[in-house]
Each structure stands twice: as structure tokens, then as C-alpha cells.
Amino acid sequence: MDVNKFMKTFDRIVTNVNPVIHGKDDVVPLSLVAVGAVGHVLFEDVAGVGQAALTLGVATRMVPGRSRG
């Protein structure tokens, strides 16, 4: 994959996921970088700020059409 295509895809995923979680604009790109580097991501915050929604948003945008079942 060339750099321009990667950047467009990365930006599209960030743009699609950012509305899921408000006020955490730096979290989405950093989590994508960690997952892309075959790393792990642990979202820590107070209850009710959307860690599960962010996780689901990132996962569904990275591999559309897949489910956990």
C-alpha cells in the first residue's frame, strides 16, 4: 500500500470514528497507530465516557462487515 492511500484510509477512519466519542480527538489516531503496529490498547477513563463505543467504532471501521459472533 502506498503512503497516500494509507493516509487517506487512516484519515477516513479517524473522521468516521471521531463523532462517536466527543472531546477525545487525540485518542482515535493513537489507538489506530497502536492497533496498526500490532499492539494493544487499554482505554482508561471514568465510567460512562464511551470506551466501549470507541472500541466498537474503531473495530467496525477497520474491518467492516465483521461481527464478534
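Here the relative contact order of the chain, from alpha carbon pairs under 8 Å that lie six or more residues apart, stands at 35 percent. Taken along the Cα-to-beta-carbon direction at a fixed 7 Å, the label points for A53 and V35 span 1.7 nm.
Rounded to the nearest 0.05, what FRET efficiency do T15 and V46 give with R0 = 25 Å and r taken as the Cβ-Cβ distance? Could you check?
The computed FRET efficiency comes out at 0.45.
Considering only S31, T9, P19, the residue lying farthest towards the positive end of the dipole of the chain is T9, judged by Cα position with unit charges set on Cβ.
In this Cβ point-charge picture (+1 for Lys and Arg, -1 for Asp and Glu), the chain has a dipole of about 360 debye about its Cα centre. A simple rule links phi to the HN-Hα coupling: the Karplus curve 6.51 cos²θ - 1.76 cosθ + 1.60 with θ = phi - 60°, which for segment 8-21 gives 5, 5, 4, 4, 5, 5, 4, 4, 6, 8, 3, x, 5, 10 Hz, with x for Gly and Pro.
Run the helix sum for the chain: -39,500 (n - 2.57) per DSSP H stretch of 4+ residues, divided by residue count, reported at 222 nm to the nearest 500 deg cm²/dmol.
Details: 3 runs with 37 residues, N = 69.
When only DSSP H runs of four or more count, the value is -17000 deg cm²/dmol.
When the charge dipole of the chain is built from unit charges on Cβ atoms (+1 for Lys and Arg, -1 for Asp and Glu) and taken about the Cα centre, the candidate among G50, H40, T60 whose Cα reaches farthest toward its positive end is T60.
Any read-out appearing in this document is the output of simple, stated calculations on the displayed coordinates, not a laboratory observation. Just so we're clear, the structure is a prediction, and the values are computed from it rather than from any experiment. Cβ: placed from backbone, ideal geometry, glycine included. Neighbour counts: every protein chain shown.
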